[in-house]
Amino acid sequence: MSKSRYWKLTGDEVEKLTYDENKVLNWEIKCIREPEDKAIFFGVFLYRNGTPFDYESIKGIVYYYNNIERKELPSITKFLKNKYGGSELEKGERVFLKGSKEIYSGADIASLAKEIDSKFNTKSVITIEFQDLTEQEQKESGLPEAKLLPIPGK
């Protein structure tokens, strides 16, 4: 099983991608507020096989936050829940939408990133990790070779 991770992608780049959605292991949209040196951000992500929550794996969209005021969290949760559904669970600095709709296409991920940027005044950076994506598939899907981050191992 080979893995490949593409990082520091923009919404415009991801929107044009045509990869096999079944080969996406996970994706993350890191939503950064200016100035970047204040480290005010939140990240929305989805792991195909679920995200660890205590001793079980929860399926659905999750977000984490850093230096975001607690009073702002309900608006982020409501936005995601209105789009994708799910039952809200919180653990540490992570909010899970258990059983929410899962998205994997470049168009859907890019659309979400752009909506978040517009609604929450952020700048998004997207990472997508794939499993068993051949070099040919990488080229055909439009994935930029310069943004491939090698993952050690098999």
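The values are calculated or read from the model by the stated rules, or taken from the named source; none is laboratory data. These figures come from a predicted structure and were not determined experimentally. Cβ atoms come from the backbone with ideal geometry, glycine included; neighbour counts cover every protein chain shown.
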Enumeration of residues in the range 77-109 that are in contact with a helix residue (DSSP H, G or I) (Cβ under 7 Å, 6 or more places away or on another chain) and either aliphatic (A, V, I, L, M) or crowded, with 17+ Cβ neighbours inside 10 Å (or both): Phe79, Val95, Leu97, Ser100, Ile103, Tyr104, Gly106, Ala107, Ile109
Filter result (under 20 Å from Asp108 (Cβ atoms) and either among the acidic types (Asp, Glu) or over 16 Å from the mean Cα position of the chain (by Cα) (or both)) within the range 57-95: Lys78, Asn82, Gly85, Gly86
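Let's see how each residue does on (1) within 14 Å of the chain's Cα centre (by Cα); (2) closer than 14 Å to Ala113 by Cβ; (3) of a type in the set (Gly, Ala, Ser):
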{"position": "Ser4", "(1), (2), (3)": "no, no, yes"}
{"position": "Lys38", "(1), (2), (3)": "no, no, no"}
{"position": "Val44", "(1), (2), (3)": "yes, yes, no"}
{"position": "Tyr55", "(1), (2), (3)": "no, no, no"}
Residue count, the range 1-14 (criterion: loosely packed, with under 14 Cβ neighbours inside 10 Å and assigned to a strand (DSSP E or B)): 1
Pairs where the first residue, in the range 50-64, is closer than 8 Å to Lys98 by Cβ and the second is among the acidic types (Asp, Glu) and modelled with pLDDT of 95 or more, C-beta under 9 Å, 6+ apart: Lys59/Glu102; Gly60/Glu102
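Looking at the structure I just gave you, is Thr77 within 19 Å of Ile128 (Cβ to Cβ), at pLDDT 95 or above and of a type in the set (Val, Ile, Thr)?
Working: within 19 Å of Ile128 (Cβ to Cβ): no; at pLDDT 95 or above: yes; of a type in the set (Val, Ile, Thr): yes.
Criteria not met by Thr77.
Return the total of residues in the range 101-146 being of a type in the set (Ser, Thr, Tyr), more than 14 Å from the chain's Cα centre (by Cα) and over 15 Å from Ser4 (Cβ atoms). Spell out the reasoning first.
If we filter the range 101-146 for residues that are of a type in the set (Ser, Thr, Tyr), which is where we start, we get 104-105, 111, 118, 122, 124, 127, 134, 141.
Within this subset, residues satisfying the condition of being more than 14 Å from the chain's Cα centre (by Cα) are 118, 122, 134, 141.
Filter once more, keeping what is over 15 Å from Ser4 (Cβ atoms): 118, 122.
Count: 2.
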Search result, residues across the range 62-109 that are small (Gly, Ala, Ser) and part of a helix (DSSP H, G or I): Ser75, Gly106, Ala107
Residue tally, condition loosely packed, with under 13 Cβ neighbours inside 10 Å and not charged (D, E, K, R), over the range 110-133: 2
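Inspect all residues belonging to the range 24-37 and state whether any of them is over 18 Å from Thr122 (Cβ atoms), modelled with pLDDT under 95 and of a type in the set (S, T, N, Q).
Step one: of the range 24-37, the residues over 18 Å from Thr122 (Cβ atoms) are 24-26.
Filter once more, keeping what is modelled with pLDDT under 95: none.
No, the range 24-37 contains no residue that is over 18 Å from Thr122 (Cβ atoms), modelled with pLDDT under 95 and of a type in the set (S, T, N, Q).
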Contacts under 7 angstrom Cβ, first residue in the range 131-151 being touching a residue at least 60 places away in the same chain (Cβ under 8 Å), partner assigned to a helix (DSSP H, G or I), 6 or more apart: Gln131/Lys23; Asp132/Lys23; Leu133/Lys23; Pro144/Glu13
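Looking at the range 15-61, which of the residues that are assigned to a helix (DSSP H, G or I) and not basic (Lys, Arg) is surrounded by the fewest Cβ atoms within 10 Å (Cβ to Cβ)?
In the first step, residues of the range 15-61 are kept if they are assigned to a helix (DSSP H, G or I); the result is 15, 21-23, 36-38.
Subsequent filtering for residues that are not basic (Lys, Arg) retains 15, 21-22, 36-37.
Values: Glu15: 17, Glu21: 13, Asn22: 10, Glu36: 10, Asp37: 6.
Step by step, filter the range 15-61, then rank; the result is Asp37.
Being of a type in the set (Val, Ile, Thr) and farther than 15 Å from Phe45 by Cβ, is that true of even one residue in the range 98-121?
The first filter runs over the range 98-121 and keeps only residues of a type in the set (Val, Ile, Thr), leaving 103, 109, 116.
Retained after the next criterion (residues that are farther than 15 Å from Phe45 by Cβ): none.
No.
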